[in-house]
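Take a look at the structure set out below.
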Protein chains: 2
Amino acid sequence: MAAVPMVELWRGGILESMHAGHAVICDDKGGIVEAWGDPEAVIFPRSSCKMVQALPLIESGAAAAYGLSDAQLALACASHNGAAIHTGPVVRWLADLGLGEADLRCGPQMPDDRDARKGLICSDTKPCQLHNNCSGKHTGFLTLNKHLNGGPEYIDPDHPVQRAVRAVFEEVTDLPSPGFGIDGCSAPNFATTMHGLARAMAFFATAHGRDGLRDRAATRLVGAMMAYPELVAGEGRACTNLMRAMGGRVAVKTGAEAVFTAILPDLKRGIAVKIMDGADRASEAVITALLIRVGALDRNHPVVERYLTGPVLNRRGIAAAEMRLAPGFTS
Amino acid sequence: MAAVPMVELWRGGILESMHAGHAVICDDKGGIVEAWGDPEAVIFPRSSCKMVQALPLIESGAAAAYGLSDAQLALACASHNGAAIHTGPVVRWLADLGLGEADLRCGPQMPDDRDARKGLICSDTKPCQLHNNCSGKHTGFLTLNKHLNGGPEYIDPDHPVQRAVRAVFEEVTDLPSPGFGIDGCSAPNFATTMHGLARAMAFFATAHGRDGLRDRAATRLVGAMMAYPELVAGEGRACTNLMRAMGGRVAVKTGAEAVFTAILPDLKRGIAVKIMDGADRASEAVITALLIRVGALDRNHPVVERYLTGPVLNRRGIAAAEMRLAPGFTS
């Protein structure tokens, strides 16, 4: 089954643009509660599965050996803005490992954070790898790598760090990965199905009810994400705003090319969304709609207007267009 | 008929994202040479029809009365970067009219141009309406308005300026407009069909072979766009790069929400493209493919690699993904 229309952009009473995608909601057993589009569609989770990539960091004993805090674990799961609240702790974390920026393999990225970007631009300073939205994840990889005494190229698919990530990824998605792609941060990103990704999120959502090594690791990562929404993304970002709007009771994570995941411990549900054209405005609208649908987000919270129901303002602040859920989608 | 798949994004040998759309190529009579998707689909041309919105400026005699140069006419058709080469001439043009920035109704916009943006950010200066990518079009509206002695709210749909634009728009598209929306710059943007927009571009492409008042106005606007590609968009932009790559023999124009038009005077063809999800990366790839298909663009020109065939590089410059035309599209 193909992707289905999910979000429409209307202007002057005429449909201007449209986004189609897939979405799956899984229950506590990993079964499908509801699905739109094709649950068997193969996708790249991209950054939406960073909490999966962080599991070996805890399971291996590396997190305990280096005394990682929940804030550091939140950064390991983050696609951050490159603000001082993100880059500062990453620098100190690297120093604790006896490492530095040059040991990262994520590449440089101009930060989204306004102040950080202004500071770089106005001082004619190039951004570095610390500003990369994945620098926390990569410092987590380096922590695991130090614990494993691996070589410096920790992003190679055959490196012990990535072999550990792949093994865990296939176990929590409960599927062999059909392959991998190189992510924007140069780490391998393992493909899975929509159902596999939603099932992995359900695993995280139900871990608190179990007591295995991996369950405790998953519970700690979800708790860290919910406790530090500003570290997982940053001010003004959808992940941070949505987690705050739900009072720290739900963990959500975006990924490049319009992927969005949600972990709902109270409801014991996992959600995965992929918009086929890669538009974040649509994945943000759809995850907002689904969080309302499952009862995790109050439809009257201001964040709903921002990502779903509010007007699209033009450069004079005039309501020029509006987003609407496509007919038949979560009506 | 629905939009058809046109552009795919592949990563690690797996299809990651996809863009669907409509495209129409019209001949010198306005007939359809080739079409993909639905030629009768109603769309908003957005900024891709700025040359149409500029026709009344010349036809009315306003351009002659104020001695507008071809560079000014290129700016009237522009979605510019807000660079000094754009804002400088707009300021002088407004002064020639005895007007200023406050007379514009396009709203402020942070310029895309790197130097202009840096200058504003590092001096804590807010962008103004001159930086708006539509400030040239609006100064053209103000020139026509001065000639017509109209009121200051020249963007109202019932204002003589916009009534003139609508009349010309419906004549060159050869269709009554089913309605309008408010554009990002607050001017009304009139809807038409894909065929109507491509037909309008074919009108511009063939105007040089006719000698009516409107034909001469269209010929001058196309000549101005082709003569000043850097004014129509700016350094690094697709319109500018594609027009330069075709040696100033073709005029192309992008519009918001992934619209792209092309005017080919030598081939007497007009092209219209709309990607339904609004992704510029896809509309740029498709117009590039169609310009090659009709024989206007050399498939070996470096610009083709940039917009269509080149790898998608990640933050370390590694080829992480690639764009491909969807099977069956312009193969």
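The values are calculated or read from the model by the stated rules, or taken from the named source; none is laboratory data. Note that the coordinates shown come from a computational prediction; the quantities given were computed from them, not determined experimentally. Cβ atoms come from the backbone with ideal geometry, glycine included; neighbour counts cover every protein chain shown.
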* Which condition does A:ILE58 not pass, out of (1) crowded, with 18+ Cβ neighbours inside 10 Å; (2) of a type in the set (A, V, I, L, M, F, W, C); (3) assigned to a loop (DSSP other than H, G, I, E, B), if it passes all the others? -> (3)
* Out of B:GLU40, B:GLU16, which single residue is surrounded by fewer than 19 Cβ atoms within 10 Å (Cβ to Cβ) and over 30 Å from B:ASN149 (Cβ atoms)? -> B:GLU40
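Per-residue answers, yes or no, for (1) of a type outside the set (Val, Ile, Thr); (2) within 20 Å of the chain's Cα centre (by Cα):
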{"site": "A:ALA2", "(1), (2)": "yes, no"}
{"site": "A:GLU8", "(1), (2)": "yes, no"}
{"site": "A:LEU15", "(1), (2)": "yes, no"}
{"site": "A:ILE25", "(1), (2)": "no, yes"}
{"site": "A:ILE32", "(1), (2)": "no, no"}
{"site": "A:VAL42", "(1), (2)": "no, yes"}
* Can you find a residue in the stretch A:143-157 that is out of contact with any Gly (no Cβ under 9 Å at 6 or more places or on another chain), part of a helix (DSSP H, G or I), at pLDDT 95 or above and within 19 Å of A:ALA65 (Cβ to Cβ)? -> yes
* To do: Output the number of residues of the stretch A:242-259 satisfying the condition of being touching a residue at least 60 places away in the same chain (Cβ under 8 Å) and under 17 Å from A:LEU231 (Cα atoms).
  => 5
* Asked: Residues of the stretch B:61-84 being within 29 Å of B:ASP215 (Cα to Cα), among the aliphatic types (A, V, I, L, M) and not in a loop (DSSP other than H, G, I, E, B), which ones?
  -> B:ALA62, B:ALA63, B:ALA64, B:ALA65, B:ALA71, B:LEU73, B:ALA74, B:LEU75, B:ALA76
* Structure fact -> The number of residues in the stretch A:174-225 that are surrounded by fewer than 24 Cβ atoms within 10 Å (Cβ to Cβ), of a type in the set (Ser, Thr, Tyr), within 14 Å of chain B (Cβ to nearest Cβ) and not in a loop (DSSP other than H, G, I, E, B) is 1
* Asked: Considering only residues of the stretch A:74-115 that are free of Cβ contacts under 8 Å to residues at least 40 places away in the same chain and buried (at least 22 other Cβ atoms within 10 Å of the Cβ), which is farthest from A:THR219 (Cα to Cα)?
  -> A:PRO111
* Given the conditions (1) more than 16 Å from the chain's Cα centre (by Cα); (2) closer than 20 Å to B:GLY234 by Cα, report the number of the one that B:GLU101 does not fulfil. => (2)
* Entirely in the stretch B:226-331, the helices (runs of 4 or more DSSP H) that have 1 or more residues that are of a type in the set (Lys, Arg) and away from every other protein chain (no Cβ under 14 Å) -> B:238-245, B:280-293
* To do: Return the residue satisfying two criteria in turn: it lies in the stretch B:115-166 and is under 30 Å from A:THR125 (Cα atoms) and of a type in the set (A, V, I, L, M), and of such residues it is farthest from the chain's Cα centre (by Cα).
  => B:ILE121
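Here are B:VAL312, B:VAL286: which of them is over 14 Å from the mean Cα position of the chain (by Cα) and surrounded by 23 or more Cβ atoms within 10 Å (Cβ to Cβ)?
Result: B:VAL286 is the single residue among B:VAL312, B:VAL286 that is over 14 Å from the mean Cα position of the chain (by Cα) and surrounded by 23 or more Cβ atoms within 10 Å (Cβ to Cβ).
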* Scope the stretch B:95-139; condition more than 9 Å from chain A (Cβ to nearest Cβ), within 22 Å of B:GLN162 (Cβ to Cβ) and part of a helix (DSSP H, G or I); matching residues -> B:GLU101, B:ALA102, B:ASP103, B:LEU130, B:SER135, B:GLY136, B:LYS137, B:HIS138, B:THR139
* Structure fact -> When every residue in the stretch A:25-46 that is part of a strand (DSSP E or B) and more than 14 Å from chain B (Cβ to nearest Cβ) is compared, the one nearest to A:PRO327 (Cα to Cα) is A:TRP36
